[in-house]
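Structure first, commentary second.
Computed from the coordinates by the stated procedures, all read-outs in this text should not be read as laboratory data. Just so you know, these numbers come straight off a predicted model, no measurement behind them. Don't worry about glycine lacking a Cβ; one is built from the backbone with ideal geometry, like all the others, and counts go over all protein chains shown.
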Amino acid sequence: MTPSSEATRDEIQTNTEKNKNPEDKKIFLVSSGIFCIALATLMYETLLTRIFSVTMYYHFAFLAISVAMFGMSFGASIVYVFNKFFKQEDTLKSLVLFSGLFSLSVVPSLLFHINFPQALDQGFWSLTSTYLAISLPFIFSGVVICLSLTRFPQRVGKIYAADLIGASFGCLAIIFIYKFTNGIGAVICASLVAGIGALIYAFGQSRKSVTAFAILSILVATGFLISQAKGDYNSVFRLKWSKGHQEPPAIYEKWNSFSRIRVMGDPDKEQYLPESYISAEYPGKDSAKFLALDIDSGAATPLFNFDGDFNKVEFLKYDISNFAHHLKPNAKVLAIGVGGGKDVLSALLFKQKSVTGVELNQNIYNSTFKIFGDYTGHLDKYPNVKIVNDEARSYVSSSKDKFNIIQVSLIDTWAASSAGAFALSENSLYTVDAWTTFIKHLEPDGYISYSRWFFNENPVEVYRLLSLAIQSLEQAGIKEPRKHILIYNNPINRRWVLKDHGLATLVLSKKTLNQEILNKAEQTAFEHGFQAILTPTYSKDKTFSQIAEGWETRQEIVKNFAFNISAPSDNKPFFFQMIKFKDAFNTKLLRQGMNSINVVAVATLGKLLVAVTLLSLAFILLPAWLSSEKKLIVKLWPISAYFGLIGLGFMLIEVSLLQRLSIFLGHPTYSLIVVLFTLLLSCGLGSHLCQQYILKSENLEATNYKKVLLSIFAAVSVLGILSSLMFSAIASYPSWAKIACSICVLFPLGLSLGLAFPVGIKLASKEGSNLLPWFWGINGATSVLGSVLAVVLALSFGINFVYLSGCICYSLTLLCLGLSKGSKSL
């Protein structure tokens, strides 16, 4: 080789490196920017579920997921339909503009929701206005994410990895932010992060006005944050309306990732005792000093003033939820869900041997025993009292102790956890699997006591509770379960405030109820004004008797009953959703006497399924109809189906894992953190690895893509089976061990799922690079549908079926690849 040729080669290499550096810098800025935008987007989405749960009801918190995906899909459609506006050479300018608009629109859209009571109503027009106002920031975010992922197809693996990793860190960010601010402040922090993303994008272009706009969005968010921190109760940054009512000022307020608690009332003033608890036979005065500890404005627990004088709380002996204490003196008691300490105080009043109280919510625990400890009497300081801040089922499973009474009094709220309503509204304490564990941890003469609302016209909650108790006893090997169960209720309250419902308590005995115990129960009921609903020899109505008599009779009544009163399992843990989904639009049935909040929840889910199906079709078909490339769209339909299937499949798998781990880990918040953080982080790493080692070559054969898709399907299938086996095997392990095992299962699953999107972009860019925004919109639209469909399938067929459906979606991507003409020319 001559010197001149060597010089020419060096010049070419030098020029290539010069050209490469600006491109690398641009990709770095785009990756960093999308990291911030994805982080802010997920923060805003999950924060909305928390805020919606307070301002409306938990089933409307599901709206946040739908709104987010709607907005981002709409943003992708905007990029595709108005592609002339989004010129390739102005991509960074567009990213700055829409990132800034995302940042600037977050706070005003939320302020509209929290400051106008009509926006909190549940009517059609109020929900529509809320939907549109809240979706605006997500539309801007959708434009940014779509441009970032589709304008750089050769480096999409790296950019998509940054998108997913940013979203994963959004999960963790919320947990830490709540330590310093409330839900509104956390939303403003999300706005600030979006502004930082806009500024990062601005570093890649030269226009000062664009950079100034990015800086403006940061300054506005900072100003909002300072105003919120200094604001009083009347500030626009405070929640003043919830569930259609104006909230009174609170003595104390604290947020965390799965609740907002408020303590309200006058500590020096006596109030009427909760009418659902205390029977009409109580001979004393029907008032006492107590505060109300409110959870998400939908559930409350009393903080009774206690100065050590048990005579002042004698009314608790007339509380139907304490019925088991009358039957078993000198007992070792486990009180699940301590709340304001009522159950602990009751155990002390009955002079029980010991009481262990388990409370999951750290804020409730701190409020009851620390912040208001002087008011409640520092119950945790009594020598025979132990308070544990843990998830109850996990605590019982890992405990070596056995108890004489396990008490669960109205443990549920109308509140949604951070991942959003239905995906996480199941309760791990109301399944056959949970009760089987509780029965194993009872002493031979022990009792399980559950209290639920008793609706006079249609006591479906207690019907279902009885089904749960009977099937749990049968699973424990007991052949005549009815001889082990008592149900009593408090039929009349003192002031007739609650005319249609009261409270009932089911007591399950590990051993057969003998005549002595039955006589004691009858005498207790007579003296305290309680009413028998079911005993071994008596039934208030035919349905109770049929449920209790035997497996065949119970199966028949469960099958034909209008509501779902079957025993929930860990696979179908939706105890409170008793409307069958096929009856979601049966208005006559929905009006029957029962807990209307949970009834409306299923009806809302049905409406959402119809709405998101129509919206998904609109986002897929309308841009195609407006496009000038209709023939190309028709030609590339297998690629369109591919993107639709991976969007649908990912959501089905994600939601099923959220539900499964909610049961396994014991609370939706743990499930949210572990699943979303691990899955999104590992998906991002999988996407990056795909870019580095699979998509780097320009001359890939179709067989390479098939191998990738086969590996995804194999990983999803095998890890799904392994996770079920592992979760069953280590159910009694401590929480940290279960979290570690969950991460070990989820991480390789996420790595494999992260391969699918970059492979699709690479495949699509060969023949239809102009259609990339539309393909991204299809992926988003089917994700919207999948988020709702997953819950419908879980309610109807179980969590395992949802996961299986996700596996099927990924298997069908192989068929799409085979039908794609582009794959044959790779």
| remark: What one gets for the stretch 317-402 as the Kirkwood radius, inverse of mean 1/r over different Cα pairs in Å, is 13.1
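Any chance you could list the semi-axes, whole Å, largest first, of the equivalent ellipsoid that the Cα gyration tensor gives for the stretch 157-225, using √(5λ)?
24, 19, 5
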| In whole Å, what is the distance between the alpha-carbon centres of the stretch 165-214 and the stretch 451-494? | 51
| message | Looking at the stretch 280-415 only, what percent of DSSP beta bridges run antiparallel? Nearest 5 please. | response | 30
| request: Would you mind calculating the gained length between SER569 and TYR131 on full extension (0.36 nm times residue separation, minus the Cα-Cα distance), in nm to one decimal? | output: 154.3 nm
| message | Taking 0.36 nm per residue of sequence separation and subtracting the Cα-Cα distance, how much length would be gained by fully extending the chain between LEU621 and ALA280, in nm to one decimal? | response | 116.5 nm
| note | Full extension between LYS580 and PHE180 adds, at 0.36 nm per residue less the Cα distance, a length in nm of 139.8 nm
| note | When the charge dipole of the stretch 257-321 is computed with +1 on Lys and Arg Cβ and -1 on Asp and Glu Cβ about the Cα centre, the Cα farthest towards its positive end, among PHE315, ILE261, LEU273, belongs to ILE261
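Please give me the summed charge of the neighbours of LYS93: other residues whose Cβ is under 11 Å from its Cβ, Lys and Arg +1, Asp and Glu -1.
Numbers: positive: LYS87, ARG207; negative: GLU89, ASP90.
Combined, the nearby Lys, Arg, Asp and Glu give 0.
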| field | Spacing of the two label points (7 Å from each Cα toward its C-beta) at LYS208 and ASN384, in nm | value | 7.9
| Any idea how far apart SER796 and ILE808 come out in nm if each label point goes 7 Å out from Cα toward Cβ? | 1.1
| field | Projected label distance in nm at ASN311 and GLU443, using a 7 Å step from Cα toward the beta-carbon | value | 3.0
| Gap in Å between the Cα centre of the stretch 334-359 and the Cα centre of the stretch 93-108? | 51
| query | What per residue convex hull volume, in Å³, do the alpha-carbon atoms of the stretch 209-344 yield? | reply | 167
